[in-house]
Each structure stands twice: as C-alpha cells, then as structure tokens.
Amino acid sequence: MNKLVIVESPNKIKSIEKYLGEGYVVKASVGHIVKLPSVGLFRLGIDTEKWEPQYKLDPTKKTVVADLKKEVKKADFVYIATDPDREGEAIGDNLVEFLGVEDKYKRIRFNEITKDAVNEAINKPSIIDEALVNSQKTRRMLDRIIGYRLSTLMAQKMSNYPTRPTAGRVQSIALKLIVDREAEIDAFIPVDYFNVEAIINDEVTAKYYNPKSAEKNKEWIMPNEIEEVFSALNGPLTVDEVKVSRRKDAKRTPFKQAVLYKTAESSTGLSSRQIQSAAQRLYEGFGD
C-alpha cells in the first residue's frame, strides 16, 4: 500500500521519510495553498450571507498543488501532517478539499520531528478538527473586515498623514488600551506616602505594617498618619510570634515565541531572523 504524507515545510521531508521507511512518500504544501481574494461586498472576499471566506487557489501554488494531485493519484491513503496549530489545521482542511481526498485521508499531528513522535502519530490518526478550522476562518475574516474597512476610513480621515495609516484586528484594540492607559496617567493625582523600617543589630530589618490602615498597601504611611505612627513606635520592639513556612517553586513554563525572541536577543545578541531560523531548525529536526 502506497501512503502519502503531506507536511507544510519541505525541510521536514528528509527526516520524516527516513523515520517512516518504505511505503511512504512525504511531500510539502509549502504553507497555505489558498488566498482570500479582494472581491464582493467591500472587497472583503467573504460570503456575508453564510459568513464563509471565499478562498481561491493561490496562483503561486498551482505547481505545488498539481504535483500533490499527481502523488494523490498514486497513493492508496493520505496523511495530512500539517502543523498542529490553528493555521496548520486550516491548511490541512484546504488540502483535503482541493486535493479531493475526503474519502481516503487521516489527520496526524506531532510536536517534534523524532522517530517516536512521528510513528506514534501514524498509529493514532484522527480527522480534521472543524472547530479549530472555524476558529482560523473567523480570525481571517475579522482581519479582513476590520482591517479593510477601518484602514479605508482612516485613509479618508487622515489624507494629509505622511504615511498611509492602517488599522487591524489586533493593533486597533492595542491602540485603544494605550490611549485608555494614557488617559488614566493624565488624570492621576500623585499622593505622597512613606515607609518606616527599623534595622536591628545590623542583621534584621523590620518593616512597619498597619493592618488597620485604609490603604491597600498596609506598609504605606500617609502624611496625616506620621505623628501617630511615631508615637506608637516610641518604645522597645518585641517579637510576638515567629512563623516558618515552606515554599515550593513551580517548574518554569515553556517559552512563548515572543518571550523566546526577547530573551534570546538580550542574552545572545542574535537578530529575530537568526532566532527564528534556529527555532525552526530545532522544530524540524536535524536529520540525525
């Protein structure tokens, strides 16, 4: 039985073919195979009756899709092995539709390019996650609806702006958060407060804490409380109670992409492009 495995990146082909052995052919979609054309109402490329994106085959991917169709004809079964995320699920869904393999495919997912991970995925196949696909479609449509319409409006309202202004699903909300925060800063009225500490025998530092204080931070002393506090502290200090507690530090969570870039840039001096390349190589494997 001839089996075709379709991944996103051509760089994964060699390693996966080696892990799967004879009977398997691995090919790549090279990312998305469709695009959302600027057609229809407001050039959104969306069927606003059914709220479905009107995807068309990306002209730059005609050769890729034609080659995949040739391999599909020779294969008895097809494994969709696009990335295990929202975009990967959408790419997989598009492949099933445009290659016409609805009746002879399974979806497999793996998070690392190792022999164990790949073979485990082959042994535990599933189908396309429609909920994840719909999530990607929704995000794509929101990008188009908000981006196209707001950007057009901004271009009309800010025609004298030196560069063409743009708006989007993410940056517009982020900008609102910034504006709201700036308004809070402008409206803020600063208030003086103090902290009181006592250094005992050059070894222990005791901080004043008032559980009856109306302030959220009980260590704060407001100007009108200074005399009362110092009067109360006029005398020897007594250790009333000693509490010993244990603390367990949780394991560090895995890097998110943005945190990885920030940490790697500051510690190694590498550029974002170099970090992305290194991370991609780690994910794809080195073909050991």
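The values are calculated or read from the model by the stated rules, or taken from the named source; none is laboratory data. Just so it is clear, the model here is predicted, and its values are computed rather than measured. Here the Cβ positions follow ideal geometry from the backbone for every residue, glycine too, while neighbour counts run over all protein chains shown.
Side notes on the structure shown:
- You will find that of I91, I128, I146, the residue that is under 23 Å from L68 (Cα atoms) and either surrounded by fewer than 15 Cβ atoms within 10 Å (Cβ to Cβ) or out of contact with any His (no Cβ under 8 Å at 6 or more places or on another chain) (or both) is I128 and no other.
- Unique residue being in a loop (DSSP other than H, G, I, E, B) and not charged (D, E, K, R) when the list is N94, N134, N111, N119: N111
- Leading residue by the ranking (farthest from the chain's Cα centre (by Cα)) among those in region 47-90 that are under 16 Å from V26 (Cβ atoms) and part of a strand (DSSP E or B): F77
- Residue match in region 5-21 (condition: assigned to a strand (DSSP E or B), touching a residue at least 40 places away in the same chain (Cβ under 8 Å) and within 27 Å of K256 (Cα to Cα)): yes
- All helices (runs of 4 or more DSSP H) inside region 170-288 with 3 or more residues being at pLDDT 85 or above and outside the structural domain of T114 (by TED's automatic domain parsing): 171-187, 257-268, 272-284
- Answer residue from region 27-46, given it is outside any loop (DSSP other than H, G, I, E, B) and modelled with pLDDT of 95 or more and is surrounded by the fewest Cβ atoms within 10 Å (Cβ to Cβ) among those: K35
- Just one of the numbered conditions (1) modelled with pLDDT under 95; (2) more than 30 Å from K256 (Cα to Cα); (3) β-branched (V, I, T) is not true of V101: (1).
- Condition check for R144: assigned to a helix (DSSP H, G or I), under 25 Å from V34 (Cβ atoms) and in contact with a Leu (Cβ under 6 Å, 6 or more places away or on another chain): yes
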